[in-house]
Amino acid sequence: INDILDLNKIEAGKMTIERIECSPCRIVAELVALARIRSDAEGLSFRIEYPGSAGMPETIRTDPTRLRQVLINVIGNAIKFTNHGEIRLIVQLVEQDGEPLLQFDVVDSGIGMTGKQVATVFDPFTQADNSTTRRFGGTGLGLTISKALTDSLGGRIWVVDTQPGHGTRVRVTVATGSLDGVRFIDDPESATEVASDA
């Protein structure tokens, strides 16, 4: 029901997006806490990686609620469609056309998709096939909503890589807003752990 209501708001142009100062490490900590409950229940490993050498901004300006909504959906799908192995959330700061973006890659070792499935994965009420709906459930709206939200957050979402039987890599980017004067955290892994304990 919530997915359908969100889609209706998006289509009517009534989905409100905030731009407030927030901590990316705290957002990741909240995601990790939620994801590990689900991944542990499924017997999957879940880990977070910060590969960028420049560290992470202490704060960015975005809509943390909508960003969490997108990432919870993508991570939830990764867990849902992975029978064994691991899920990785890879977070780094990147630049596009001279503008900073926060980039999240969700990588799983799950069932993967065909090229035909990838072509329709962001269409409303679409899942890979009827057997997917029967086996895994869901409305088929989560990624449609996520695409609209990432567009509104100054970024995008797309499937970077996938292969049937060998997992999927989905990338989400969002604009950070200006980082002028923002302090950078050299050890975001530790900052995420501290935020998890807070």
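The values are calculated or read from the model by the stated rules, or taken from the named source; none is laboratory data. All figures in this text were calculated on a predicted structure; none of them were measured in a lab. Don't worry about glycine lacking a Cβ; one is built from the backbone with ideal geometry, like all the others, and counts go over all protein chains shown. With ligands, DNA and RNA removed, areas are computed over all heavy atoms of the protein, side chains included. Shrake-Rupley method; radii C 1.70, N 1.55, O 1.52, S 1.80 Å.
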Nearest-0.05 FRET efficiency for GLU99 and ARG156, computed from C-beta distance (R0 22 Å): 0.95
Heavy atoms of LYS147: accessible area, 1.4 Å probe, square angstrom to 10: 80
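Might you tell me the accessible area per residue for the stretch 21-103, computed with a 1.4 Å probe and given in Å²? Kindly include the intermediate steps, with their values, before the conclusion.
On the way: 3730 Å² over 83 residues.
Here the per-residue accessible area is 45 Å².
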The stretch 27-126: relative contact order in percent, alpha carbon pairs under 8 Å with at least 6 residues between: 27
Those residues of the stretch 17-42 whose amide nitrogen sits under 18 Å from the label point placed on GLU86, 7 Å along Cα→Cβ: 32-33, 35-42
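Please find the FRET efficiency linking ASP40 to LEU179, where r is the Cβ-Cβ separation and R0 is fixed at 30 Å, and quote it to the nearest 0.05. Mind showing how you got there, number by number?
Working: r = 35 Å, r/R0 = 1.16.
After rounding to 0.05, the efficiency reads 0.30.
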